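The values are calculated or read from the model by the stated rules, or taken from the named source; none is laboratory data. Keep in mind it's a predicted model, so treat the numbers as computed, not measured. Heads up, the Cβs are rebuilt from the backbone with ideal geometry, glycines too, and the neighbour counts pull from every protein chain shown. Areas reflect the complete protein model, heavy atoms only, side chains present, ligands, DNA and RNA absent. Shrake-Rupley method; radii C 1.70, N 1.55, O 1.52, S 1.80 Å.
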There are 2 protein chains.
Amino acid sequence: MRETAAAENRPYHHGDLRRALIDAARRLLESEGPTALSLRAVAREAGVSPAAPYHHFKDKGELLDAVAHEGWDMLNAQMAKAKAEATTIQDKLTGLGVSYVRFAQANPALYRVMYDSSRDKEALPDHAHMQDDSAYCQVRDTFIEAGADVNNEIDLELATNAAWCAAHGMAEMISFKMFDHLKVALGGEEAFIRATFQHLGIFAAARPR
Amino acid sequence: MRETAAAENRPYHHGDLRRALIDAARRLLESEGPTALSLRAVAREAGVSPAAPYHHFKDKGELLDAVAHEGWDMLNAQMAKAKAEATTIQDKLTGLGVSYVRFAQANPALYRVMYDSSRDKEALPDHAHMQDDSAYCQVRDTFIEAGADVNNEIDLELATNAAWCAAHGMAEMISFKMFDHLKVALGGEEAFIRATFQHLGIFAAARPR
DNA sequence: AAGATGATCTTTACGCCGTCCAGATTCAGA
DNA sequence: TCTGAATCTGGACGGCGTAAAGATCATCTT
């Protein structure tokens, strides 16, 4: 008797069920949305019994955490690419912000999981803002490149936080239909994002003070 | 046989079960958080059978919508109060932003429900941004009072949207522990909010352009 | 090589959930 | 007063997260 999903032939026990579960979860997240993502559905998609995941994750939340972790890694990578491709400091800053919003827009369900699992712990995961290649550090470093005062740690963090607020706020707003006419008037979504950032100042110009 | 919750003696059928259900939901939301808010629990809290709510709401989502609606009304009122109490235009703008964030902070579960039920419809509810007393219109009007060009509708909407992004982003960030040391360093949460807004420009100064 | 050990997976079960349906109760209008 | 509609109850269904107990299988010890 064959499983319908992605199993085919299982070598010993499964091989790497943990990996398979995370992949199945991300597949379901894309295709069915966040509300349809149940532990049982993930197990089903991976071709395994409903209780099997408990040997790899303490509970559903821990599986979601693992999915969120990969989301942050993807976001960090995408922003690094955006920064690398930009030439001027100005472009780097704006590019980072636009890249952030575009990620949220391209992976809305994943983006939601990333913040939901953060909110439970009342903290963004460390690798999302503490490691060298993190989105947070990339923004902060760009502010430094732009001439921000390295010695004023507080102000540097404030600026980075402000940028994060702007980007996250924009990421949540852009999917609301109420702004569609602005996108049209400005000639596309990216123009809308850039225009909003311009009003917020922070991504449009480095503001060493 | 008496119910344990808030029923006591029911006159005819219940009186106004719709009202009672919304109140029960908000009570549970405050005390138990958003994850614990099930339709059955709400019915239980209201002292009524699990199927009773279906005579007043199409499904769970519609009950949540009603709760969200009251949340937006509360937010609009709180922001109107903040604006009325401020004297200068500067104070009005900053006060609106601070008031928004404070609301989200004081009612985190309600704030979550407000945006979750919006996201499902891909639109903020009309009364949250279209009526005269809405938070959106209050911010926009203040920009006008501050000298924004009334004829440039697009730019005015962009500015208002930008302000909303900043406030919402800040509202989501402020509960993360990773910023606690900034709150301490700046001498309180409100100072942290104001300093961040200052970096974002938009709430710190009207920016007619 | 053989058997023990422990990790992995399945089966079964429990209580909670959202929702539907059939019947009871009560209100309102003729 | 009778009738019909609105409101509420009780019970049922399938899906959920998760725990416990048993089966299976890779690996380690001797």
> Restricting attention to the range A:68-82, does a residue exist that is within 15 Å of DNA strand D (Cβ to nearest atom) and either among the small types (Gly, Ala, Ser) or at pLDDT below 95 (or both)?
Replying inline: no
>> Consider the range A:41-51. How many of its residues are more than 9 Å from DNA strand D (Cβ to nearest atom) and surrounded by fewer than 17 Cβ atoms within 10 Å (Cβ to Cβ)?
In response: 0
>> Looking at the range B:45-57, I want the residues that are modelled with pLDDT of 95 or more and have a partner that is open to solvent by 60 Å² or more (accessible area, probe 1.4 Å) and within 11 Å of DNA strand C (Cβ to nearest atom) with Cβ atoms under 7 Å, at least 6 apart or on another chain. Which pairs are those?
In response: B:Pro50/B:Arg40
> Which fully enclosed helices (runs of 4 or more DSSP H) of the range A:126-203 have 1 or more residues being within 23 Å of B:Phe176 (Cβ to Cβ)?
Replying inline: A:135-145, A:153-173, A:189-200
>> Going through B:Glu153, B:Glu145, B:Glu157, B:Glu122 one at a time, which residue ends up being within 30 Å of A:Glu32 (Cβ to Cβ) and open to solvent by 10 Å² or more (accessible area, probe 1.4 Å)?
In response: B:Glu122
> Which condition number in (1) facing chain B (nearest Cβ under 9 Å); (2) buried (at least 23 other Cβ atoms within 10 Å of the Cβ) is the one that A:Ala135 fails?
Replying inline: (1)
> Do any residues in the range B:165-194 that are within 8 Å of another protein chain (Cβ to nearest Cβ) have Cβ atoms under 7 Å from those of residues that are acidic (Asp, Glu) and open to solvent by less than 40 Å² (accessible area, probe 1.4 Å), where the two are at least six apart or on different chains, and which pairs are they?
Replying inline: B:His168/A:Glu172; B:Leu182/A:Glu157
> Does B:Val67 count as within 16 Å of DNA strand C (Cβ to nearest atom) and open to solvent by less than 70 Å² (accessible area, probe 1.4 Å)?
Replying inline: yes
>> Can you go through A:Ala146, A:Ala185, A:Ala167 and tell me which one is within 14 Å of A:Thr94 (Cα to Cα) and out of contact with any Gly (no Cβ under 9 Å at 6 or more places or on another chain)?
In response: A:Ala146
>> Being at the interface with chain B (Cβ under 7 Å from one of its Cβ atoms) and either over 21 Å from B:Asp155 (Cβ atoms) or modelled with pLDDT under 95 (or both): is that true of A:Ile202 here?
In response: yes
>> List the residue pairs whose Cβ atoms are under 9 Å apart, where the first residue sits in the range B:25-39 and is among the charged types (D, E, K, R), the second is exposed (fewer than 14 other Cβ atoms within 10 Å of the Cβ), and the two are 6 or more positions apart or on different chains.
In response: B:Arg27/B:Ala6
